[in-house]
Amino acid sequence: QGCWPAAMAVCSLIRPVLEYASPVWHCGLTGVLSDEVESVQKRCMRIIFPHLSYSDAIAVAGLERLSARRETAVIKLFNEIKKETHVLHSLLPVRPTQSGLATRDNYPYRLPRARTERRSRSLINYCIKKKFWQDKRFMCVYSLLWPSVFCVIVFLLFQIVYVVFMSYFIILLL
């Protein structure tokens, strides 16, 4: 993703293990478990960029938080499941249409009743609760990346100023 070789190693060796089948299990994660998964990437960024904060390090490396990647993967999978040709499409509980009545909530799926807490946090229930539409929510996730681009630009400008200042200082010493 980024131009840093160590960051590329994180992307190709560590993240695939952390994100294996994540669209399925992301919905059931508690905040503590999500932080535990994130801490692995945080530790890698601390090793690669020891003087930067986690948010600055992932911005410089061109990465994003694992929770944002998992959420994007869930949205992508749910949009695939909504296609009639998908194998899991039959699992979607379609809301019965009432003839001639217009309602404010025109979302095509109804939230199935869950008897257990675990079932209420399943992939289908999670996506229906969030009411993921085809493109609107997907684009919102990617709009969160623009602040990281800004951080990279600021970091590069800081590096340029630092190099110019140090070269000026060395010239003065000579």
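None of the figures in this text is laboratory data; all of them are computed from the coordinates on show. The structure displayed is predicted, hence computed values, not measured ones. Virtual Cβ from ideal backbone geometry, glycine too; neighbours counted across all protein chains shown.
Worth a mention:
- When the listed pairs K82/K131; K42/K131; K83/K131; K82/K130 are checked against a 23 Å cut-off, the alpha-carbon distance exceeds it for K42/K131.
- Potential extension, E117-V164 segment - 0.36 nm per residue separation minus Cα distance: 11.1 nm
- Taking a ≥ b ≥ c as the square roots of the eigenvalues of the alpha carbon gyration tensor, region 1-58 is oblate, as a/c is not under 1.5 and a/b does not beat b/c.
- Using the Cβ-Cβ distance between L172 and I47 with R0 set to 25 Å, the FRET efficiency works out to roughly 0.10.
- Taking a Cβ cut-off of under 12 Å around C44, the surrounding Lys, Arg, Asp and Glu residues balance to a net charge of +3, with basic ones at +1 and acidic ones at -1.
- Segment S39-A73, extension gain: residue separation times 0.36 nm, minus the distance between their alpha carbons: 10.3 nm
- Full extension of the chain between K130 and L13 yields a length gain of 39.0 nm, computed as 0.36 nm times the residue separation minus the alpha carbon distance.
- Sparse-neighbourhood loop sites, trypsin sites (Lys or Arg not before Pro) in region 15-116 - DSSP loop, at most 16 other Cβ within 10 angstrom: K83, R104, R110, R113, R115
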